[in-house]
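The values are calculated or read from the model by the stated rules, or taken from the named source; none is laboratory data. Nothing here was measured: the structure is a model prediction, and the numbers come from that model. Cβ placement follows ideal geometry from the backbone for every residue including glycine, while neighbour counts extend to all protein chains displayed. Calculation scope for accessible area: heavy atoms of the full protein, side chains included, ligands and nucleic acids excluded. Shrake-Rupley method; radii C 1.70, N 1.55, O 1.52, S 1.80 Å.
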Amino acid sequence: MYRFLLTPRWWGINVFVLLAIPFCVFMGSWQLSRFEARVQDHRTAGELAEKAETEAPRPLAELLPVDKATSGRQATASGRYGKQLLVPGRELDDRQGYYVLTLLHTDDDKALPVVRGWLPGDADRAEAPAAPTGEVTVTGALQASEVPGENGVPARGGLPSGQTAAISAATLVNLVPYDVYDAWITLDKADSGMKPVPATAASDTGLDLKAFQNLGYTGEWFVFAGFVVFMWFRLLRREVETLRDAELGLLPDEQPGGDPAAQEKANA
């Protein structure tokens, strides 16, 4: 009855099934591991954020380059404030406003972007408080350079002079004639009546849409594996029923579109 499993057609079906099932299980397990990794990163980021609130600030050089372990840590740097820029389209406490960003020239002959605070409304250079003069020491949460179009950072161009859409070295080097750190800090205490900008978690450490997409893909791959098994058993059952009907003479003599040689063999 089951000799048909040795035919070339069924050899092809069986090989496909034997390859498809492990592949689906592997892909589902990989997607699940990606989701678990994101959950662990989210948990670790929360622990680091709690630790950063109590630990003493460290010199900027000790925390660079910014990664998942150093993002949000308290950093300190000294220098003189230079060029000031506004970062429009930033929301805080459900209100639209802008960041006041000032570049701090350090002893390393590079500039550190410092977000000194947030103001409501449209970006206005006249309303943005001037930066303190002379040598200053700043303390704030270290942040990685922003990527336009990601994590709520607007991807826009054509801004007026003195404004930037993203706080990133790649953007700022086109606006100033000196090197810029590939990082920035947001002050714990904003200057001149501005509101402090809270630090954000490092990228790929939150339970965002991407994390739940990994979980959804996990389910899809295991469903695919089950579907392959289901279809194999369904084809097997259909083949067996066809052979039994042929043995009992229940198949019609002529089947439209069928193979005459196969029909003759079944009738024999």
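The simple spin-label model puts a point 7 Å past each Cα toward its Cβ; for residue 105 and residue 6 those points are separated by 8.8 nm.
Extending 7 Å from Cα along the Cβ direction at residue 67 and again at residue 189 yields two label points whose distance is 3.3 nm. With a Förster radius of 30 Å, plug the Cβ-Cβ distance of residue 80 and residue 55 into 1/(1 + (r/R0)^6) and report the FRET value to the nearest 0.05. About 0.65, to the nearest 0.05.
For the stretch 95-198, carbon and sulfur atoms together expose 47% of the accessible surface, with a 1.4 angstrom probe and every protein chain in place. In the stretch 51-189, a dipole from Cβ-located charges (positive for Lys and Arg, negative for Asp and Glu) runs towards its positive end, and of 134, 57, 69 it is 134 whose Cα lies farthest in that direction. When +1 charges are put on Lys and Arg Cβ atoms and -1 charges on Asp and Glu Cβ atoms, the dipole computed for the stretch 1-122 relative to its Cα centre reaches about 660 debye. How would you classify the stretch 57-207 from its alpha-carbon gyration tensor, with a ≥ b ≥ c the square roots of the eigenvalues: rounded for a/c under 1.5, else prolate if a/b is greater than b/c, otherwise oblate? Rounded, since a/c falls under 1.5. Per-residue surface analysis assigns residue 55 an accessible area of about 40 Å², computed on protein heavy atoms at 1.4 Å probe radius. The residues of the stretch 98-200 expose, per residue, 48 Å² of accessible area to a 1.4 Å probe. Shown is the FRET efficiency for residue 241 and residue 156, computed with R0 = 51 Å from the Cβ-Cβ distance and rounded to the nearest 0.05: 0.20.
Count Lys and Arg as plus one, Asp and Glu as minus one, and take only other residues whose Cβ is under 13 Å from that of residue 226; the net charge is then 0.
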